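Everything on this sheet refers to the single structure shown next.
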Amino acid sequence: MPGPKLDPVESDAALPRAVDVVIIGGGIAGTCAALELVDRGLKVAICEKGQIGAEQSSRNWGWVRLTHRDPREMPLMVEAVRMWEGLNERVEAETGYRQSGVTYTCTSDDMMEEERQWVDLLQSYQIPAKMLNRDEALAHYPGMDLPIKGAIHNPMDGRAEPQKAAPAVARAVQARGGTVHQNTAVRMIDVEGGKVTGVITEHGRIACSQVLLAGGIWSRLMLDNMGIYLPQLRTKNTVLRTSALEGGPEGTIKFKEFAMRKRLDGGYTIASSANSRYEITPDSFRLFGAFLPALKNEWRGLRFGFGSAFVDGLKTKRKWTANDVTPFEETRIMDPQPETSFIEKVYHQVAARWPAMKGLKIEQRWAGIIDVLPDVIPVISDTESVKNGVKGLFVSTGFSGHGFGLGPGAGRLAADLMTGHAPIVDPTPFRLSRFSDGSKIAPMSGITRR
């Protein structure tokens, strides 16, 4: 299946012999980190096994939200929003960022009470979220008829275009002297005396003293080949986009049946509000203990699948050398089959609630694979403090379905750690060592459900 159409990025002609930093992965986390590093005067190369932004960084919903953030992420997300506000100007390109507001609807008095607690949290950060009654909530979406009690609305929440953002940042990295290498898988990280000395790609070696692994769903495989533990699983989500609606509402809304946001092209991105489909793989059994607390919290809302993903997992190499063809070359772009009947049912649910949708066509459907960690917050960390860790190797991964909005903040934090700057926020919650130092690992109650 063809994925979303990406804005183009032209690869640099040749690999550099040596740089300061190699970024493995050309998604939003990797490109934003690269931008921060080149702006600090470092020589940076981005190595992407497929195309810039072609996996989950272009397949997500495109939300840039503060509402319903895990409280451990809130300080970083506050900084990320500040950075989004100036990102178009900084990269001199259109990322699609608009601060158009998000409305989370409530169908019961209990939900209204829960949302009041979120309002309190957001207002403690001087974020002007507020509760709305039913008529106030639906006033943002003329003609929409939902059986709701009210909603929480945050005008500082927004959206950007996943197919534009990472490519725009990558081109800005190039404009500042960094290089981008697509269809260039990193096979191994070269290590001598416990320190990074370079990377070995399918096209040759690049010498460097630091590496940032921002490989999304592929990060666990790379680290596992080095003997470094990362408990990471995968879920699948399907999305569709519609044709344009002239004068349609600009805001974003989430109801119990669907989530919908305006696109820069005038259409709407639509997804289900239900949890993603979790496809069982061999790692599901290997990591069962690590994910058991999350499973106890969320099992009622999960949709399980058992099929080709399990077989593919059995076939995937888990160990290789620099001379071997790696899993990263065997799957240039993870482009899973969308759940067509499922997402079309969601589309018809929207049309039943909002007659304006009936005049719009389904222009495209796609699916993406989300990387998930047991506590549903990312790793943005060095690796020195864990078993088999390497000096100069850093990780930015495991964003668990809400990393697109965090992208600029995650890039800044990773760059801070790599350059010894005072970190933009406390990095402690995002340390890799939390999975091996005896810390209690579990998602915050209710986070993944809402």
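List the aspartates and glutamates whose Cα sits under 16 Å from the Cα of LYS440, skipping any in the same chain fewer than 8 residues away.
Partners within reach: ASP70, ASP375.
Could you compute how fast segment 239-370 diffuses translationally, taking Rh as the Kirkwood radius over C-alpha pairs and applying Stokes-Einstein at 20 °C with viscosity 1.002 mPa s? Give it in µm² per second.
Rounded, D is 123 µm²/s.
Mind ranking PHE288, PHE255, PHE306 by accessible surface for me, highest first, 1.4 Å probe?
PHE306, PHE288, PHE255
Just name one of SER276, VAL350, GLY248: the one whose Cα is farthest towards the positive end of the charge dipole of the chain (beta-carbon charges, Lys/Arg +1, Asp/Glu -1).
Of SER276, VAL350, GLY248, it is SER276.
Taking a probe of 1.4 angstrom, what is the accessible area of GLU279 in Å², to the nearest 10?
GLU279 exposes around 40 Å² with every protein chain in place.
Within the set of other residues whose C-beta is less than 15 Å from the C-beta of THR397, count the net charge using Lys and Arg as +1 and Asp and Glu as -1.
Residues close to THR397 contribute a combined charge of -3.
Ranked from the most accessible area to the least, with a 1.4 Å probe and all protein chains present, what is the order of ASP190, ASP135?
Values: ASP190 35, ASP135 115 Å².
Putting ASP190, ASP135 in descending order of accessible area: ASP135, ASP190.
Determine, from the Cβ-Cβ distance of ARG17 and ALA139 and an R0 of 56 Å, the FRET efficiency 1/(1 + (r/R0)^6), rounded to the nearest 0.05.
Calculated value: 0.40.
Dipole of the chain, Cα-centred, from +1 at each Lys and Arg C-beta and -1 at each Asp and Glu C-beta, to the nearest 20 debye?
The dipole magnitude comes to about 700 debye.
Would you mind working out the magnitude of the charge dipole of segment 315-450 relative to its Cα centre, with +1 at each Lys and Arg C-beta and -1 at each Asp and Glu C-beta, to the nearest 20 Debye?
Its charge dipole is roughly 440 debye.
Rounding to the nearest 20 debye, state how big the charge dipole of segment 1-139 is about its Cα centre with +1 on each Lys and Arg Cβ and -1 on each Asp and Glu Cβ.
Working: 15 positive and 23 negative charges, 76 e Å.
The dipole magnitude comes to about 360 debye.
Once amide H atoms are built 1.01 Å from N in the peptide plane, which residues 5 or more positions from GLY101, or in another chain, come under 5 Å H to H?
Result for GLY101 returns ASP157, GLY158.
Can you tell which of THR316, THR197, THR281 shows the greatest fluctuation in a Gaussian network model of the chain with Cα springs below 10 Å?
THR316
Apply 1/(1 + (r/R0)^6) to the Cβ-Cβ distance of LYS391 and ILE280, taking R0 = 41 Å, and write down the FRET efficiency to the nearest 0.05.
After rounding to 0.05, the efficiency reads 0.65.
Need the full-extension length gain, ARG90 to GLU384, defined as separation in residues times 0.36 nm minus the C-alpha distance. One decimal, nm.
So the chain would gain 102.6 nm between ARG90 and GLU384.
Want the number for SER436 to ILE362: 0.36 nm per residue separation, take away the alpha-carbon distance, what's left?
Result: 22.1 nm gained on full extension.
How far is helix 74-85 tilted, in degrees, relative to the longest principal axis of the Cα atoms in the chain, given as a value from 0 to 90 rounded to the nearest 10?
90 degrees
With r defined as the distance between the Cβ atoms of MET444 and ALA352 and R0 fixed at 51 Å, what FRET efficiency is calculated, to the nearest 0.05? Don't jump to the answer; show the numbers that get you there.
Working: r = 33 Å, r/R0 = 0.65.
That pair, MET444 with ALA352, gives E of 0.95.
Heavy atoms only, 1.4 Å probe, whole protein assembly: order SER100, SER308 by accessible area, highest first.
Per-residue accessible area, sorted high to low, gives SER308, SER100.
Below 9 angstrom from the Cβ of THR184, what's the summed charge of the other residues (Lys, Arg +1; Asp, Glu -1)? If you can, show how the numbers build up before the last one.
Working: positive: LYS49; negative: GLU48, GLU202.
Here the count lands on -1.
Once a ≥ b ≥ c are taken as the square roots of the eigenvalues of the Cα gyration tensor of segment 368-443, is the result rounded (a/c under 1.5), prolate (a/b larger than b/c) or oblate (a/b not larger than b/c)?
The shape class here is oblate.
Could you give the angle, 0 to 90 degrees to the nearest 10, between helix 407-419's Cα long axis and the longest principal axis of the Cα atoms of the chain?
On a 0 to 90 degree scale, this one is about 30.
Just how much of ARG431 is accessible, in Å², when a 1.4 Å probe is used and the result is rounded to the nearest 10?
Spelled out: ARG431, probe radius 1.4 Å, area about 70 Å².
In deg cm²/dmol, rounded to 500, what helix-only [θ] at 222 nm does the chain give when every DSSP H run of at least 4 residues adds -39500 (n - 2.57) and the total is split over its residues? List each step's numbers first, then the result.
Values: 14 runs with 128 residues, N = 450.
After summing the helix terms and dividing by residue count, I get -8000 deg cm²/dmol.
Once you have a ≥ b ≥ c as the square roots of the Cα gyration tensor eigenvalues for segment 93-160, tell me rounded if a/c is under 1.5, and otherwise prolate or oblate according to whether a/b is larger than b/c.
Oblate.
Out of ARG187, ARG116, ARG98, any idea which swings most in a Gaussian network model of the chain, alpha carbons joined below 10 Å?
Highest fluctuation of the listed residues: ARG116.
Just grab the label-to-label distance for ALA207 and THR340, each label 7 Å out from Cα along the Cβ direction, in nm (one decimal).
5.3 nm
Starting from the Cα of GLU113, step 7 Å along the direction of its Cβ; do the same at GLN99; then give the gap between the two resulting points in nm.
Once both label points are built, they end up 3.4 nm from each other.
Using the alpha-carbon centroid of each, what span in Å lies between segment 1-44 and segment 245-275?
So the separation of the two Cα centres works out to 30 Å.
Be a star and scan segment 72-101 for residues whose amide nitrogen sits under 13 Å from the point 7 Å along the Cα-to-Cβ vector of LEU264.
Output list for this probe position: 87-99.
Accessible surface of ASP109 in the full protein assembly, 1.4 angstrom probe, to the nearest 10 Å²?
Estimated to the nearest 10 Å², ASP109 gives 100 Å².
How far is helix 162-175 tilted off the main Cα axis of the chain, in degrees rounded to 10, range 0 to 90?
In the chain, helix 162-175 runs at an angle near 40 degrees to the longest axis.
Mind checking which lysines have their C-alpha under 26 Å from LYS358, skipping anything on the same chain fewer than 8 residues away?
LYS5, LYS149, LYS254, LYS256, LYS262, LYS345
With a ≥ b ≥ c taken as the square roots of the eigenvalues of the C-alpha gyration tensor of segment 145-202, please select rounded if a/c is under 1.5 and otherwise prolate if a/b is larger than b/c or oblate if it is not?
prolate
If I build a Gaussian network model for the chain, linking alpha-carbon pairs within less than 10 angstrom, which residue out of LEU233, LEU314, LEU373 has the largest mean-square fluctuation?
In the Gaussian network model the winner is LEU314.
The values are calculated or read from the model by the stated rules, or taken from the named source; none is laboratory data. Predicted model, so just to flag it, every value in this text is computed and none were measured. All Cβ positions, even for glycine, are placed from backbone atoms using ideal geometry, and neighbour counts span all protein chains on display. Heavy atoms of the whole protein, side chains included, go into the accessibility calculation; ligands, DNA and RNA do not. Shrake-Rupley method; radii C 1.70, N 1.55, O 1.52, S 1.80 Å.
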